[in-house]
1. Got a number for the accessible area of residue 122? Probe 1.4 Å, square angstrom, nearest 10.
2. With unit charges on the beta carbon (Lys/Arg positive, Asp/Glu negative), name the residue among 84, 39, 2 whose Cα is farthest towards the positive pole of the charge dipole of the chain.
3. Which trypsin sites (Lys or Arg not before Pro) from the range 33-123 combine a DSSP loop assignment with at most 12 other Cβ atoms within 10 Å?
4. State the extension gain, in nm to one decimal, for the chain segment bounded by residue 90 and residue 41, taking 0.36 nm per residue of separation less the distance between their alpha-carbons.
5. With a ≥ b ≥ c taken as the square roots of the eigenvalues of the C-alpha gyration tensor of the chain, please select rounded if a/c is under 1.5 and otherwise prolate if a/b is larger than b/c or oblate if it is not?
6. Using a ≥ b ≥ c from the Cα gyration tensor of the range 42-87 (square roots of the eigenvalues), is it rounded, prolate or oblate, where a/c under 1.5 gives rounded and otherwise the larger of a/b and b/c decides, a/b for prolate?
7. The range 49-106: which GluC sites (Glu not before Pro) are DSSP loop and have at most 14 other beta-carbon atoms within 10 angstrom?
8. Arranged from highest to lowest average of other beta-carbon atoms within 10 Å per residue, in what order do the peptides 46-57, 12-23 appear?
Amino acid sequence: MITATWESLGSINLVEKPLPTLKPGEVLVRVAASGICGTDMHICNGETPHATNQVTIGHEFSGYIEDIHPETKTSVKIGDLVAIDPNIPCSQCSYCRTKKYHLCGNLRCIGVTCDGGMATHVA
């Protein structure tokens, strides 16, 4: 699939990447729409220190559920239209256990620390 990926300071390039492989707890989303915002520009300009190099940008996106890992517990069904909350807390630390997810030291963010919605598919 073709992705918009931050590869070096000041540039976002079109890069071919394989379709994501689902892991337990994940669903596969076929991206319908993805927005670009100031955060994406800050990532591109190297102003987001926690951003992962060579990450596919895009933390504001929506799409359709295309596949669900058999071990994933979810209320969504294949074909459902979904909007994505890009923040993925660890759910294990003291902050997560008290619902202070924004303080999680292991917080991942789709499109910042792991591949995001400027692609055809996201897991």
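1. Here the residue's solvent-accessible area equals roughly 10 Å².
2. After comparing all options, I get 84.
3. 73, 77, 99, 100
4. Extra length from residue 90 to residue 41 when fully extended: 15.0 nm.
5. Taking the square roots of the gyration eigenvalues as a ≥ b ≥ c, the chain is oblate.
6. prolate
7. When the GluC sites (Glu not before Pro) of the range 49-106 are filtered for loop state and at most 14 Cβ neighbours within 10 Å, 71 remain.
8. Highest to lowest by the protection proxy: 46-57, 12-23.
The values are calculated or read from the model by the stated rules, or taken from the named source; none is laboratory data. Everything quoted here is computed from the prediction, not taken from an experiment. FYI the Cβ positions are ideal-geometry reconstructions off the backbone, even for glycines, and counts take in every protein chain you see. SASA here: full protein model, heavy atoms, side chains in, ligands and nucleic acids out. Shrake-Rupley method; radii C 1.70, N 1.55, O 1.52, S 1.80 Å.
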